1. Take Lys64 and Lys401, extend 7 Å from each Cα along the Cα→Cβ direction, and tell me the distance between the two endpoints in nm.
2. According to a simple spin-label model (label point 7 Å from Cα along Cα-to-Cβ), what is the distance in nm between Lys104 and Phe373?
3. In debye to the nearest 20, how big a dipole does the stretch 251-297 give about its Cα centre with +1 on each Lys and Arg Cβ and -1 on each Asp and Glu Cβ?
4. Would you mind listing how long the stretch 256-411 runs along its three principal axes, going by Cα atoms, in whole Å with the largest first?
5. Stretch Arg118-Lys228 to full length: gain in nm at 0.36 nm per residue minus the Cα-Cα span?
6. Taking θ as phi - 60°, what are the ³J(HN,Hα) couplings along the stretch 333-346 by the Karplus curve (6.51, -1.76, 1.60), each to the nearest whole Hz, with x for Gly and Pro?
7. Evaluate the distance, in nm, between pseudo-label points positioned 7 Å from the Cα of Arg190 and of Trp93 along their respective Cα→Cβ axes.
8. With a 1.4 Å probe and all protein chains left in place, how much of the accessible area of the stretch 214-297 comes from carbon and sulfur atoms, in whole percent?
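The values are calculated or read from the model by the stated rules, or taken from the named source; none is laboratory data. Model, not experiment: these values are computed from the prediction. Neighbour counts are summed over all protein chains in view; Cβ atoms, including those assigned to glycine, are modelled from backbone coordinates with ideal geometry. We work out accessible area using only protein heavy atoms, side chains counted, and drop any ligands, DNA or RNA first. Shrake-Rupley method; radii C 1.70, N 1.55, O 1.52, S 1.80 Å.
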Amino acid sequence: MNILVRNLGKLHLNNYVNTCATTLLRQTLTPQLDIARNTSFFVKLPAEQLWKGITSVSSAGRKKGRGRGAAKKKGRDLNRGQVIGVGKINMVWPGLNAPVMRGKDMVKREELPEDKEREAKLIKLRDSMGFRSRVRLSPIDRGWSGNKMPGRSIGEPDPIADQTFEGFDTRVLELKAVCIMKNNIGRRRRLSVMAVTGNGNGIGGFAISKAPDGRTALRKVKNKAGQKLIHVELYNGHTVFHDIFCQFGSTKIFIKKKPEGYGLVCHRAIKTICQVIGIKDLYAKIEGSRNVQHIVKAFFIGLLQQKTHEQMAEEKGLHLVEFRRDHGNFPTVVASPTKCRTEDEIKSDEVMDFTQYALGGKIMLKRKKFPPFYVGTLGHNIYLRKQENKRGHFDTIMDMKVHQGEIRSFLTDKYPECKPFVRTKKQAEEE
């Protein structure tokens, strides 16, 4: 170290040199400390409070209906169904599932052999925490569309005292979220469920219930529908007694009686109701609104409005005769009144058409069917002209073989040779 000193004594020089050396040593040996913050906002608060600060709304804002989509912004819980230190591999983790020290020895991390009892305990533990794998449904139990609830079965209603609902089946018809605005808590959201229950033998009922969560709503609607049962008369155990017109609000339904084996050709909500009650053959046409609740209410009104054949015969004072195509349209008397009216007692303005009487004077709207686009064109007319000589040949030949046993014409009796030439088996083999 070079130091220039001028006009200083020896003593002063030594003191000055010692002072400079001490200062220099202190600067080199003493560490420099910078002022810094070791904690931050993100370290102080846990994750739940951080999410709440991002997604939550103040109480004043909640009263005004704000923050409706706050639940959707919340992150997924990746630790759901998991226990710290417990995994698929049987491991010893010091400080998690094992102590750090055992006596004076420190526990080391190691992998243990497989244990089947441990796997069963893990499954039971996760089930108790509400973590279950998604159950694969069969196409029959899947519902109307995919894995959504409408159309799905939720079982029979819960028993009431000693009264049970054996053989009943409950199906969900509608599940939707409804909201109501309250002056003290703001927007209140609940789930509204509509379901129908029945035993498949003419007994059924429906109900609507609301609850904050889906499980409670399904349980309430199932039990409520079991307390509102009605009896529905079935014709031969498979269809209604007659055509019915029913209406609720702007929803109009025309119900038609169908023969056995026809099936259910109707709206999916009506089809579900028929399956639960036990109706197997039916046709229903809806006009107006397609609101599910209106459809269900209108259909049940129609089932309650139907009358048996005996009731209709007594009401009209006439015999009720049925013509069925499968019986060759042969007239069959299905019901007779205790006292039948004569022709003179029937009024001139009385409705005598059975379909019009059953539908209450209503007429079902039928759309006009237009001919195909090719009808009337030059090519189609030429095709029809070529087919004139061959039209009906197959049906005529089959009718002759059935009734006369052979193919013949009106000249066959006079000229026996007027028959088509048929090769015998021998002639065919020779040729």
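1. Once both label points are built, they end up 8.6 nm from each other.
2. Each label point is offset 7 Å from its Cα along the Cβ direction, giving 9.9 nm.
3. Details: 10 positive and 3 negative charges, 21 e Å.
Roughly 100 debye, rounded to the nearest 20.
4. 59, 45, 35
5. 34.7 nm
6. 7, 9, 7, 9, x, 5, 9, 8, 6, 8, 5, 6, 7, 7
7. That separation, rounded to one decimal, is 4.3 nm.
8. For the stretch 214-297, the apolar C and S fraction of the accessible surface comes to 46 percent.
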